[in-house]
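Participant: Before anything else, here's the structure in question.
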Amino acid sequence: MIEFQNVSVQVAIPQAGGKNSSKTLLEGINLTLEEHRVAVIGANGSGKSTLLRTINGLVAPSSGQVSVNGLDTVKDGKKVRSQVGFIFTDPLSQLLLSTAVNDIELSLRAKIKNRGERRERALALLAERGLANTAEQSIYDLSGGERQLVALTSILALEPDVIVADEPTTLLDLKNKFLVGRALASLEQQLVIATHDLDLAAKADRVLVVHEGRIVASGVPQNCIDYYWELMSK
Amino acid sequence: MNKVFCLYVPGDSLLHRLGVGWKYAVMAAMVISGVIVSAWWFTLSLLAISVILVLLTAVPPRFGLQMSWALILVAVLLVAYQSFTGKPLTGVVIAGNLIMAVYASRMLTISTPESVLIDALISAASFLRVFRVKPEKVGLAISIMIKSIPMLLDLFTGIQQAAMARGRGRNLAAIVTPFVVRTVAYAQETGAALAARGLGE
Ligand SMILES: Nc1ncnc2c1ncn2[C@@H]1O[C@H](COP(=O)(O)OP(=O)(O)O)[C@@H](O)[C@H]1O
Ligand SMILES: [Mg+2]
């Protein structure tokens, strides 16, 4: 369960003349997320990424508090991050090593100390996702969809309870969007996904509409998507 | 996608069989002596040796010796700049050392699996324990740098082409400024990716 209690995020903007002004990225967020799949929709710059990043403590609230399974995302940041897997928009930023298998081994380092065993497990995890052929390839030679699936495999190797994905299909073509969308839909874990793909959002159990740092609608997908259409076409 | 470092190519050439320590030593000796001696004839000889070393890995020459446009541009700019300040031979030394360093490191990366390269660095870095630095962290940092190079070169090429498309291809500031900004953003993303993987702290 993910809980937001009166969460606001402000950042200081340095101004000429020395005085700082501040900008509000999120304001007055109160949410309890228990649904299996939650989609977050909103225009560019509306605050989706900031909202998602508060869930694993990458962004700390300026006031209020976010908790995951009762753990405070700031105070228990390390523990929270071990329970919350985060998928970035660009897998090339997310993948830290140059081949798929090495990257997955990196995720397994804390759990499996024996090298041979670790490699075997990494290869098995790739094979489970139909990615066996990508194991030794340079991540730069993979298709966008394969890269995103490798990133997902790498995060799943950490065995998180919650997956947070920030526009994971935005950079992909239609075919790869479906591929990655299906992989995300089949996850057992709770999923919070920011997306511009309204078809993907429609399949969620709950949709949140973010607008100028606030949640302006929340609930059944179709109602929220209709509301979002209206809001954007004004 | 640009490739300065060529990744490991399996094989059984002399260099593949040579211990990784020796290869690191050869590479380091070449780069360091090139910088210290700083003479055009010396740099050009080293450059020739580095080409021979790449060829000795028995990969196809066109693969092993390929050069990225970004690197050629940097080399040409270096020579041009030094010629402009009246020291063309200094330009040859700096640009030659740069290309020689790329080939020397390529000799190493083509003939050695990445895991072996990094393990060797980790064990070489064990002395850092004295300073409470974990050698594994050094290894990880280096692996991430290696991974980032093609990305950064691609970024550079992209920005350079965008500048050219607007007729500002010769304006260094128009290329360097967005490159620095984007590199910083990329570094921040990498930091976030590390933290998200529980490796940041
Ligand atoms: N560290 C920061 N400093 C200043 N402004 C920021 C920072 N992070 C995000 N913003 C701004 O906050 C707004 C919301 O950003 P973001 O959460 O990334 O939106 P989205 O993901 O919906 O596009 C944007 O206007 C963005 O420019
Ligand atoms: Mg975003």
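The values are calculated or read from the model by the stated rules, or taken from the named source; none is laboratory data. Source: prediction; values computed, not measured. Note: ideal-geometry Cβ built from the backbone for every residue, glycine included; neighbour counts use all protein chains shown. SASA here: full protein model, heavy atoms, side chains in, ligands and nucleic acids out. Shrake-Rupley method; radii C 1.70, N 1.55, O 1.52, S 1.80 Å.
Participant: When you go through B:ILE110, B:ILE142 one by one, which is the residue that is in contact with a His (Cβ under 9 Å, 6 or more places away or on another chain), within 14 Å of chain A (Cβ to nearest Cβ) and part of a helix (DSSP H, G or I)?
Facilitator: Unique residue meeting the criteria: B:ILE110.
Participant: Can you pull out every residue in segment A:153-185 that is more than 16 Å from ligand 2 (Cβ to nearest atom), within 13 Å of chain B (Cβ to nearest Cβ) and of a type outside the set (S, T, N, Q)?
Facilitator: Within segment A:153-185, A:ILE155, A:LEU156, A:ALA157, A:LEU158, A:GLU159, A:PRO160, A:VAL162, A:ILE163 meet the criteria.
Participant: Within segment B:159-167, is there a residue that is more than 11 Å from every other protein chain (Cβ to nearest Cβ), surrounded by 14 or more Cβ atoms within 10 Å (Cβ to Cβ) and modelled with pLDDT of 85 or more?
Facilitator: Looking for residues that are more than 11 Å from every other protein chain (Cβ to nearest Cβ), surrounded by 14 or more Cβ atoms within 10 Å (Cβ to Cβ) and modelled with pLDDT of 85 or more, one finds at least one in segment B:159-167, hence yes.
Participant: Also, I was wondering about something else. Hey, can you tell me all the residues within segment A:25-62 that are open to solvent by 40 Å² or more (accessible area, probe 1.4 Å), within 8 Å of ligand 1 (Cβ to nearest atom), over 13 Å from the mean Cα position of the chain (by Cα) and closer than 19 Å to A:ASN6 by Cα?
Facilitator: Listed by number, the list holds a single entry, A:LEU25.
Participant: Residue check: is A:GLY17 within 14 Å of ligand 2 (Cβ to nearest atom) and of a type in the set (Gly, Ala, Ser)? Talk me through it step by step, then tell me what you get.
Facilitator: On the way: within 14 Å of ligand 2 (Cβ to nearest atom): no; of a type in the set (Gly, Ala, Ser): yes.
Considered against the rule, which asks whether it is within 14 Å of ligand 2 (Cβ to nearest atom) and of a type in the set (Gly, Ala, Ser), A:GLY17 comes out as no.
Participant: Among the helices (runs of 4 or more DSSP H) confined wholly to segment B:1-72, which include 3 or more residues that are open to solvent by 40 Å² or more (accessible area, probe 1.4 Å)?
Facilitator: B:20-37, B:40-56, B:61-64
Participant: Tell me, please, whether a residue that is under 20 Å from A:LEU95 (Cβ atoms) and buried (at least 21 other Cβ atoms within 10 Å of the Cβ) can be found in segment A:198-218.
Facilitator: no
Participant: Among the residues of segment A:103-129 satisfying the criterion of being free of Cβ contacts under 8 Å to residues at least 12 places away in the same chain and open to solvent by less than 70 Å² (accessible area, probe 1.4 Å), which is farthest from B:ALA141 (Cα to Cα)?
Facilitator: The selected residue is A:ALA127.
Participant: Something else: Please go through segment A:1-24 and pick out each residue that is of a type in the set (Val, Ile, Thr) and open to solvent by 50 Å² or more (accessible area, probe 1.4 Å).
Facilitator: The answer is A:VAL11, A:ILE13, A:THR24.
Participant: For segment A:33-127, which fully contained strands (runs of 3 or more DSSP E) count at least 2 residues that are within 12 Å of chain B (Cβ to nearest Cβ)?
Facilitator: Details: elements: A:37-41, A:63-68, A:84-87.
In segment A:33-127, the matching strands (runs of 3 or more DSSP E) lie at A:84-87.
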